[in-house]
Amino acid sequence: MSTKLYVGNLANVTTEPQLQALFSEAGEVTSAKIITDRQTGQRGASALWRWKPSWKARRPFPCSTARI
């Protein structure tokens, strides 16, 4: 079973591979997508990621905002 989560307030320089590496601490990441504006194509400061939670996901998420 996979879970989808919205993440906001990302730095403009954050990349999808960085998100996948960070979120892999909570389980197997199946997708990480930075949201873009449909009309302008500009990237936003938020993302959606889908992962298969591991036992680690039952604890508070181990990242800090300084890392992303």
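Every number here is computed from the coordinates shown, using simple stated rules; none is lab data. Note that the coordinates shown come from a computational prediction; the quantities given were computed from them, not determined experimentally. Note that we place each Cβ from the backbone using ideal geometry, even for glycine, and neighbour counts take in every protein chain shown.
Here the relative contact order of the stretch 3-59, from alpha carbon pairs under 8 Å that lie six or more residues apart, stands at 44 percent.
Projecting label points 7 angstrom from Cα along Cα→Cβ for Ala21 and Leu48 puts them 2.5 nm apart.
Here the peptides 36-47, 21-32 are ranked by packing, the mean other Cβ count within 10 Å, and the order with the highest first is 21-32, 36-47. Here the extension length gained between Gln39 and Tyr6 equals 9.8 nm, from 0.36 nm per residue of separation less the Cα-Cα distance.
Summing charges over all other residues whose Cβ lies under 9 Å from the Cβ of Val29, with Lys and Arg as +1 and Asp and Glu as -1, gives +1.
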